[in-house]
Structure formats: structure tokens, C-alpha cells
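Everything below concerns the one structure shown next.
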Amino acid sequence: MATTKKTTVAKKPVIKKPAAAAKTAAKKEDPKKAALAKKPVTKPDAAKKPAKAKPARKPSAAFMKPLQPDAALAAVIGNKPLPRTEITSKIWAYIKKNNLQDSKNKRMINADDKLKVVFGGKKQVSMFDMTKLVSGHIS
């Protein structure tokens with residue numbers, strides 16, 4: 001008897017596609033099914049709950065603390081202690097009432113005699129520097 005040798009054939013390794021790659025391939029093949037799958041399921045209007053009303057935001061206690069303006073600032077906004085927010089509002093009301101905002105560059109404020117003292121003798125101040133200069137006149 002003759003012996004025959006069995007030859008084994010090497011199998012090619014099977015490469016499995018990742019699940020994400022398989023999904024993208026499926027989407028490319030049938031875009032209508034993919035579009036239908038993306039639509040969110042909507043509930044009837046009667047089943048919708050009304051949105052909860054958010055409570056009003058409370059201002060920070062530091063901003064609402066009344067501060068006493070010094071004599072130079074009191075000439076512009078008054079002598080009563082006011083919160084920082086009210087001080088800024090009153091200064092802006094004074095600026096608009098007396099037309100002190102620069103007509104070409106609205107960010108700049110032209111100081112009159114009362115504001116010149118508050119602004120440290122400067123004729124013109126930007127609105128961003130104004131708050132810094134005003135904070136030196138309150139305690």
C-alpha cells in the first residue's frame with residue numbers, strides 16, 4: 001500500500017469589518033432606509049408636557065450691596081448709597097442726557113466738568129475704562 005501525504009492548504013484569515021464600518025456601508029447602499037431610520041419618533045401634542053418655568057435669576061449679593069459714592073461721583077449720580085449696577089446705570093443716563101458719547105467713536109466718552117473729576121482729569125475715556133475709574137470713587 002502506498003501512503004499518501006495529506007497536504008493542508010493554508011486558509012486565508014477572515015477579516016471582520018467593525019460594526020461601525022458595516023453600518024456606514026449599509027447607509028451607502030440604501031440612503032432611503034437610512035433617512036427613515038434617522039427621523040425621531042414624535043408623540044402626539046396632547047402627550048407633551050409644558051416646559052417648566054425657570055426661576056428668576058438672583059443677582060450676586062456683591063453687586064447688590066449699596067455703596068456710598070464720594071463727593072465727585074455724588075455730583076453726577078446723587079449722594080444716596082446705591083448698588084454698583086445702579087451707579088453704572090445712572091452714569092450712563094447722565095452721559096446720554098448731556099450727549100457726552102463721542103459721535104464718531106461711540107465707545108469713547110467725552111467728559112464734561114463733573115465727569116472730568118471722576119475720570120481723573122482725562123478729557124476722553126473709553127466706556128471700558130470708565131467703570132474702572134468710577135470704582136475708585138465708591139466705598
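Quick note: the coordinates plus some simple rules give every number you see, no bench work behind them. Computed from a prediction, not measured in an experiment: that's the story for all the values here. All Cβ positions, glycine included, derive from the backbone under ideal geometry; neighbour counts span all protein chains shown.
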Qualifying residues in region 59-105 (those that are touching a helix residue (DSSP H, G or I) at 6+ places or on another chain (Cβ under 7 Å) and touching a residue at least 60 places away in the same chain (Cβ under 8 Å)) - the one surrounded by the most Cβ atoms within 10 Å (Cβ to Cβ): 73
Filtered residues of region 106-115 (kept if within 16 Å of residue 132 (Cβ to Cβ) and surrounded by 15 or more Cβ atoms within 10 Å (Cβ to Cβ)): 108, 109, 111, 115
Candidate set from region 54-101 (those that are in a loop (DSSP other than H, G, I, E, B) and among the basic types (Lys, Arg)); member that is farthest from residue 116 (Cα to Cα): 54
